[in-house]
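The values are calculated or read from the model by the stated rules, or taken from the named source; none is laboratory data. None of these values were measured; they are calculated from a predicted model. Neighbour counts are summed over all protein chains in view; Cβ atoms, including those assigned to glycine, are modelled from backbone coordinates with ideal geometry.
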Amino acid sequence: MSIDPAPSSAERARQEQVARQQRMAYKQKPRSRAGAILLGLLLFFAVGVGAAVYLLRQAGTGGGIAARVAGLLLSGRTTFNTTAPDVVIQIQRLNRLETVSYSVDTVVEGKHTNAVLPDLLFGDRLLLVVHGQVIAGVDLSKLKPESVQVNGRSVTVDLPASEVFTTRIDSGKTRVFARTTGILTPADPNLESDTRKTAETQILQAATNDGILDTARANARGSMESLLRGLGFTSVTVR
């Protein structure tokens, strides 16, 4: 029977060194794996952010295959189901769209004369200082279904003709400036009201000459374009 000699102190030191190195390698191995996983996640996140920025830029350009793909990816489940009858209903709800108000101050003459006898004896004359207002726009209740064409997100609308809604005299700002009546004739109580009617006609004519109907139509087109874009259309034509 032989007995192994006890290891020397140098041998024990070498064995302890080897054991210590093995323990350190064991502890560092999982840390290295965790570091690799963390690095991979960071790279994945960075790539995802870069791709998102690229898609947003491409979606904003509005052209090319990449832009279309970006639009599909970023649109999600959003749908657009507005039809021509829906557009007609939305527009007709506005009813009479008043788009322009025309105000005017003028002096209108009203008179009753005798064809033979002088006004000094039988005439009746007044000067009326008038403040009037004309309101025009488009009656959207007259919009016909066939006047609206929808193709996807494109829409074309043919508006009804612009028209004058009201012509009125502001009584609070209208007054008789002068009145002369013949010596041999009584003042006509209807002369002022007749002159007011004449004033309304003149004010309407002045507004028409200044292009109130064209202005009303142009303003109505602008309002319609805003409404239709608010409904989601990207291509809008209003005529």
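Could we say that Val157 is surrounded by 12 or more Cβ atoms within 10 Å (Cβ to Cβ), closer than 30 Å to Ser223 by Cα and modelled with pLDDT of 95 or more here? Step through it out loud before you land on a result.
Numbers: surrounded by 12 or more Cβ atoms within 10 Å (Cβ to Cβ): yes; closer than 30 Å to Ser223 by Cα: yes; modelled with pLDDT of 95 or more: yes.
Yes: the conditions hold for Val157.
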Could you list, in sequence order, the residues of segment 162-186 that are free of Cβ contacts under 8 Å to residues at least 24 places away in the same chain and either within 21 Å of the chain's Cα centre (by Cα) or farther than 19 Å from Lys197 by Cβ (or both)?
Pro186
Quick one: Asn151 ticks every box in (1) in contact with a helix residue (DSSP H, G or I) (Cβ under 6 Å, 6 or more places away or on another chain); (2) closer than 30 Å to Val238 by Cα except a single one, so which number is it?
(1)
For Thr99, state whether it is in contact with a Ser or Thr (Cβ under 9 Å, 6 or more places away or on another chain) and either at pLDDT 70 or above or more than 30 Å from Thr181 (Cα to Cα) (or both).
yes
Inspect segment 94-112 for any residue being part of a strand (DSSP E or B), without any contact (Cβ under 8 Å) to a residue 60 or more places away in the chain and not charged (D, E, K, R) and give the result as yes or no.
yes
Single residue of segment 205-220 satisfying the filter (touching a strand residue (DSSP E or B) at 6+ places or on another chain (Cβ under 6 Å) and either surrounded by 18 or more Cβ atoms within 10 Å (Cβ to Cβ) or free of Cβ contacts under 8 Å to residues at least 12 places away in the same chain (or both)) that is farthest from Gln90 (Cα to Cα)
Ala207
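Report yes if some residue within segment 129-148 is within 30 Å of Ile183 (Cβ to Cβ), assigned by TED's automatic domain parsing to the domain that holds Gln202 and more than 19 Å from the chain's Cα centre (by Cα); otherwise report no.
yes
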Hey, Ser235 loosely packed, with under 13 Cβ neighbours inside 10 Å, among the small types (Gly, Ala, Ser) and modelled with pLDDT of 95 or more or not:
yes
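If I filter segment 221-239 down to residues being part of a helix (DSSP H, G or I) and of a type in the set (Lys, Arg), which single residue comes out as nearest to Leu94 (Cα to Cα)?
We begin by selecting, within segment 221-239, every residue part of a helix (DSSP H, G or I); these are 221-230.
Right, trim to of a type in the set (Lys, Arg) and you get 221, 229.
Working: Arg221: 13, Arg229: 16 Å.
Once the filter is applied, the top-ranked residue is Arg221.
Mind checking whether some residue in segment 154-161 is without any contact (Cβ under 8 Å) to a residue 60 or more places away in the chain and either out of contact with any Ser or Thr (no Cβ under 6 Å at 6 or more places or on another chain) or closer than 30 Å to Ala84 by Cα (or both)?
Step one: of segment 154-161, the residues without any contact (Cβ under 8 Å) to a residue 60 or more places away in the chain are 160-161.
Pick out the ones that are also either out of contact with any Ser or Thr (no Cβ under 6 Å at 6 or more places or on another chain) or closer than 30 Å to Ala84 by Cα (or both) and you get 160-161.
Yes, because at least one residue in segment 154-161 is without any contact (Cβ under 8 Å) to a residue 60 or more places away in the chain and either out of contact with any Ser or Thr (no Cβ under 6 Å at 6 or more places or on another chain) or closer than 30 Å to Ala84 by Cα (or both).
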Would you mind telling me which numbered condition in (1) more than 30 Å from Thr82 (Cα to Cα); (2) without any contact (Cβ under 8 Å) to a residue 40 or more places away in the chain Lys142 fails?
(1)
